[in-house]
Every structure is written in C-alpha cells, then in structure tokens.
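Just so you know, all these numbers are worked out from the coordinates, no wet-lab data involved. Since the model is a prediction, treat every value here as computed from it, not as a measurement. Methodologically, a virtual Cβ is constructed for each residue, glycine included, from the backbone with ideal geometry; neighbour enumeration extends over all protein chains shown.
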Amino acid sequence: MADGDLHDALRAAVRSTRAASSAYRPAVAEYLYRRGLAPLFDRLAADGPPPRRLIEGIWRLMLETVATRRFGVSTDDWRSGGYPDRYFPLIWLELVPRRLPQMAPAARAGAVTALFNLGEKLPRAAANPVAERLVERGAAFAVDPEGILRSTLRAAGVLGAAAVAGWRRLVEQPAFECRDVDPDFLPGAVLAAPARRFVVVDALRPVALHIGVGPDGLGCRSTGAAPPSIEPIRSVELDRVRLTLEGRTIAWRGRDGRGAHPLDGVAPAALAANAEGDVLWIDAASTRVRWLRADG
C-alpha cells in the first residue's frame, strides 16, 4: 500500500485495538493483513484510487475479529474442511478480497457490515456452511449482496431479517477540526440537537460551535456563546442500545448483546448521538470532533 496517510490510519487502528483488548494477537493480525487486506487494496487500486475510508473501516472490523478471537488462525490451517471456525477466514480471506471490488461502490460498506454482523450472531453450526455457500455464490453476491445473503440464510434455516438486523456497527467517518474555525477552540462537551446538528462547547471559554451533518460530512453552521448547563456526557442511548465511554473505547450494550468500538484517542471525554445514527465524541487532548456512523 503506497498511501502514507492510509498506512498511518491502519497503524493507529492496530494501536487502539491492542490498547483495548488483551486478546489481541499480532501474528494473527499480520496474517490477516497480508492475506486479506493487502489483496483487497490491490484489487480495488486496479480501478483507481482505493476508497480510504472503506479500507480503514474494513481493517477495524478485521481487527475486532482478532481481538475477540473470532479470527484465531495465523496459518493456512483454516483451509481444512474440519477447521472449527471457518466463517471469518472465508469471509476476510476469500469472499471480501475477491468479490468486493466487483460490487457497486455504494453497496460495499453495507455488505461488509452485514457479513460482520452475521459472524457475531450465527452459531457455528450455521455460520460455517453459510460462509462456504456465500463463497460458492460469490459472483452473484457481488451483483446482489442483500438478496444472496437472505436466500443463503433461508436455505440454511436462518431467518434473514433476524440475522442481518440488530445492532448496527459503528464505522469511522471524517473528523472535524475545530481549529479551522477558532484557533483557540478546545472541545469540552457535545450535545445532539435537532436536524442532525450538534453543539460543541469549548472546555475553557463560554464559546460554542454549532456543527451540522451534511452530504459532505461535518461542517460548522455557526459560532456563538455557549448555552447554559452543557456538561460532558459519557453515556447515551442510540436505537435502544446504551453507548458508554469506557477508557479508550465506546462500549455498547443492548438486547442483541454487547461489544466495544476502539477509539483512537488519548482521553475520550464526552459523546453525543442522534436518532439518525450519528455519534460524535471528543478527546480531552485534541481539538478534533470525531464522528462515527451506525452502519449496517
């Protein structure tokens, strides 16, 4: 991979995953990088500049499977039909590198997220044959990922709607640099407002930035005096799931289970979320507002 900025982002993802999980294993991550992510990057690059955000998002999902031991192999042993947990090896090393580049760009992120969600939810007895069947139907999957997922799940005796739905994963989006608007601004608290807007309050001064989410990402709509009584919030509700800052992660807990999203920050201090699935969080040592999307 020749993109220096992307390399930095991938290394940052490794650092945050290592910090957040004692189960992280470098040898497994290296194998997954060489055999899964690098071939995917090369195939996407054959058609032009690879989509950096997609590559980074996929790498973070890959690392999560390493950190939670759902991807547990650092050799080609998984190719044996008797290997117990073949779902993620088949998805990350066979299906995604080969078929994602053939897929419509707008469908790629959703397809990968749905595949990841399935790997978390399906029991082993169903997960392995589902992954094998998806690899067999790879060409059709590239054309109609949602349709092939559902028909494969039905054939395996799994209700497609129940398996694909549920908690939507948090996916990194471009950050907003407060210094571009106010060189002295240091985010201290953030509050969700109507119409996909957020109020970010300075930690040291009674000043606020009003940030909106639009087609081009986060943008400053206006500046002004800080509203009264906005304090840093470390726990919010999103789609009946509780999100909580715990160290350098956002931990989530809901009816469908629990998990954690690693954060690339020194001291995450506050977060906010809206009904549209936008999650903004701030770091006590940064002038950036970070943005995540509930994507699935």
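Within 10 Å of each residue's Cβ, count the other Cβ atoms and sort 202, 184, 144 from fewest upward.
184, 144, 202
Enter the angle in degrees (range 0 to 90, nearest 10) between the Cα long axis of helix 145-155 and the first principal axis of the Cα atoms of the chain, meaning the one along which they spread out most.
Its long axis makes an angle of about 50 degrees.
Calculate one ³J(HN,Hα) per residue across region 115-131 by plugging θ = phi - 60° into the Karplus curve 6.51 cos²θ - 1.76 cosθ + 1.60, and present them in order as whole Hz with x for glycine and proline.
4, 5, 4, 4, x, 6, 9, 6, x, 4, 4, 9, 5, 4, x, 5, 5
How much length would be gained if the chain were fully extended between residue 69 and residue 19, taking 0.36 nm per residue of separation minus their Cα-Cα distance, in nm to one decimal?
16.4 nm
State, to one decimal in nm, how far the label point of residue 5 lies from the label point of residue 155, with both points 7 Å from Cα in the Cβ direction.
With each label point 7 Å from Cα toward Cβ, the separation is 4.2 nm.
Given all pairs of different Cα atoms, what value in angstroms does the Kirkwood hydrodynamic radius of the chain take?
This gives a value of 20.2 Å.
Tell me the mean residue ellipticity at 222 nm calculated for the chain from its helices only (DSSP H runs of n ≥ 4, each -39500 (n - 2.57), averaged over every residue, nearest 500).
Theoretical 222 nm ellipticity from helices: -10500 deg cm²/dmol.
Calculate, for residue 267 and residue 146, the FRET efficiency according to 1/(1 + (r/R0)^6) with r their C-beta to C-beta distance and R0 41 Å; round to the nearest 0.05.
Rounded to the nearest 0.05, the efficiency is 0.55.
Calculate the spin-label point distance for residue 196 paired with residue 80, positioning each point 7 Å from the Cα along the beta-carbon direction, and give it in nanometres.
5.0
Just to be sure I understand the model, the point goes 7 Å from the Cα along the line to the Cβ. What's the resulting residue 231 to residue 12 distance in nm?
Roughly 3.1 nm, to one decimal.
At q = 0.10, 0.11, 0.19, 0.22 Å⁻¹, what log₁₀ I(q)/I(0) does a Debye calculation on the Cα points of region 27-162 give, no solvent, two decimals?
Cα-only, vacuum Debye calculation for region 27-162: -0.29, -0.35, -1.12, -1.50.
In µm²/s, what is D for region 169-295 at 4 °C and 1.567 mPa s, where D = kT/(6 pi eta Rh) by Stokes-Einstein and Rh is the Kirkwood radius from Cα pairs?
90
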